[in-house]
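Asker: Once you've had a glance at the structure underneath, I'll fire off some questions.
Quick note: the coordinates plus some simple rules give every number you see, no bench work behind them. Note that this is a predicted model, so its numbers are computed, not measured. Backbone-built Cβ (ideal geometry, glycine too); neighbour counts: all protein chains shown.
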Amino acid sequence: MDDNDILLLDELARKEQVKTKLEQIGRPSLLRRIGSGLLDLLFIFVTLALLELFAAGVLFRPLGYFDAQNSIDKIFVESGLYVRQNGFNVQLVNAYDDSKSVEDNYDVPIAAYYATDPRCTKENKLTDYVKAKLDSGFYTEGADGPTLKDNVDDGLLKSFYEEQYAEALDFLTKDPDYVAAVNKTFKITAYSILVSFLIAAAAFYFAVPLARKDGETVGQIICKICLVDASCVGRVRKMQVAARSLTVVVLNFLIPFWVFVFFNHVTMLPVLISFAMMCLVKYNRGVQDFASQTQVIQKREAAALKIKHER
């Protein structure tokens, strides 16, 4: 038997020893792990909310957020397609006045918008609107324009106007000034939330665990669980803690955030994958545990470990 065979046998023996210790060591219940994760989220979101309040009060105005929001409000008011209620611009669908006729609720503001807005007049939107009314079968052509026929069902007429109103709103939201203002408010908000989250994550996912000898987050401290090095069932190393925290932040937060910002789509798939692994994989290890070669154990088990890891 040569030296390579001896080294291989030693490695196999070591791995078997580690496997035995992982099977014997006390692991926390899945409910406790979920609870610690939710506590971490609570602390992070509270911190994020406080940082956002600070940003809104100190940074948003210099960045032009409120000017852009005022531009949006002005566009809505000038279009006549919104009703101002309690300081908010409300769509006509939600501000429908049953005491008025269907035409008063919809036809008057839509026609006024198409007749006065420069973009509408340039693209002959009023002409198209008049044609749509005649094509609907609810109107006949009169000397002063389309005239509503007698005995038209109000429900059908309302449905027609809701479609026309939706088209008017669609045209309004393509206004370059509106698009620019919305994009500006969205970017300021999105990047502000991102920076606030990174600050909160740095505190609760990096600073606290790296300061603890067993790599616990605040939630794990409360739930009395911690980390060990899964490769030797010894004390977790700082690099493993950092790798684990980075995986959690990227997989469960930054990827969903990136998908939402750039694709306008909400996805929880990375979170569900990690949760499914914790439920189904041996030793309840998630993606973050495999990426960092760590294992979550009960805090009282950490004190009983005698194996020292060479740092």
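Asker: Rg and Dmax in Å for region 136-244, alpha carbons only: what are they?
Answerer: For region 136-244, the Cα radius of gyration and maximum Cα-Cα distance read 30.6, 91 Å.
Asker: Follow-up. Using only Cα atoms, tell me the angle between helix 238-249 and the longest principal axis of the chain; keep it within 0 to 90° and round to the nearest 10.
Answerer: 20 degrees
Asker: Relative to the longest principal Cα axis of the chain, at what angle does helix 3-24 sit, 0 to 90 degrees, rounded to 10?
Answerer: The answer is roughly 60 degrees.
Asker: So how strong a dipole does the chain carry about its Cα centre when Lys and Arg Cβ are +1 and Asp and Glu Cβ are -1, to the nearest 20 debye? Show your work: numbers first, answer last.
Answerer: On the way: 35 positive and 38 negative charges, 550 e Å.
Approximately 2640 debye in magnitude.
Asker: Here's another thing I want to ask about it. If you count, for each residue, the other Cβ atoms within 10 Å and average over each peptide, how do 142-151, 78-87, 162-171 line up from highest to lowest? Each step should come with its number before you reach the end.
Answerer: On the way: 142-151: 9.7, 78-87: 14.5, 162-171: 16.5.
Ranked by mean Cβ neighbours within 10 Å, highest first: 162-171, 78-87, 142-151.
Asker: Sticking with this structure for a sec: So, how do all the Cα-to-Cα distances of region 184-311 break down into 10 Å bins, in percent, from 0 on up?
Answerer: 13, 38, 31, 13, 4, 0
Asker: Another question, then. Could you give the C-alpha radius of gyration of region 76-186 expressed as a fraction of 2.2 N^0.38 Å, taking N as the number of residues it contains?
Answerer: Numbers: Rg = 14.9 Å, N = 111, 2.2 N^0.38 = 13.2 Å.
Rounded to two decimals, the normalised Rg is 1.13.
Asker: Just want the answer: with Cβ charges of +1 for Lys and Arg and -1 for Asp and Glu, which residue in 207, 112, 270 is farthest toward the dipole's positive end in the chain?
Answerer: Final value for the positive-end residue is 207.
Asker: Show me the ranking of peptides 283-295, 56-68 by mean Cβ neighbours inside 10 Å, starting with the highest. Could you put the intermediate results ahead of the total?
Answerer: Values: 283-295: 19.8, 56-68: 14.0.
Answer by packing, highest mean first, reads 283-295, 56-68.
Asker: Summing -39500 (n - 2.57) over the DSSP H runs of n ≥ 4 in the chain and dividing by its residue number, what mean residue ellipticity at 222 nm do you reach, to the nearest 500 deg cm²/dmol?
Answerer: Taking each H run of at least 4 residues, the total per residue is -19500 deg cm²/dmol.
Asker: Let me ask something additional. Using alpha carbons only, how many degrees (0 to 90, rounded to 10) separate the axis of helix 154-172 from the longest principal axis of the chain?
Answerer: In the chain, helix 154-172 runs at an angle near 70 degrees to the longest axis.
Asker: Mind checking the dipole of region 65-174: about its Cα centre, +1 per Lys or Arg Cβ, -1 per Asp or Glu Cβ, Debye to the nearest 20? Could the numbers behind the result be given before it?
Answerer: Details: 11 positive and 21 negative charges, 74 e Å.
Approximately 360 debye in magnitude.
Asker: What residue among 279, 179, 155 has its Cα farthest toward the positive end of the dipole of the chain, where the charges are +1 on Lys, Arg and -1 on Asp, Glu, each on the Cβ?
Answerer: So the residue furthest toward the plus end is 279.
Asker: On to the next question. Could you work out Rg/(2.2 N^0.38 Å) for the chain, with Rg from alpha carbons only?
Answerer: On the way: Rg = 30.9 Å, N = 311, 2.2 N^0.38 = 19.5 Å.
Scaled against compact globular proteins, the figure is 1.59.
Asker: What translational diffusion coefficient, in µm²/s and rounded to a whole number, does the Stokes-Einstein relation yield for region 29-120 at 37 °C and a viscosity of 0.692 mPa s, taking the hydrodynamic radius as the Kirkwood radius over Cα pairs? Don't jump to the answer; show the numbers that get you there.
Answerer: On the way: Rh = 17.3 Å.
D, rounded to a whole number, is 189 µm²/s.
Asker: When only C-alpha pairs under 8 Å and at least 6 residues apart count, what is the relative contact order of the chain, in percent?
Answerer: Working: 303 pairs, mean separation 70.7, N = 311.
Averaging sequence separation for qualifying contacts and normalising by length gives 23 percent for the chain.
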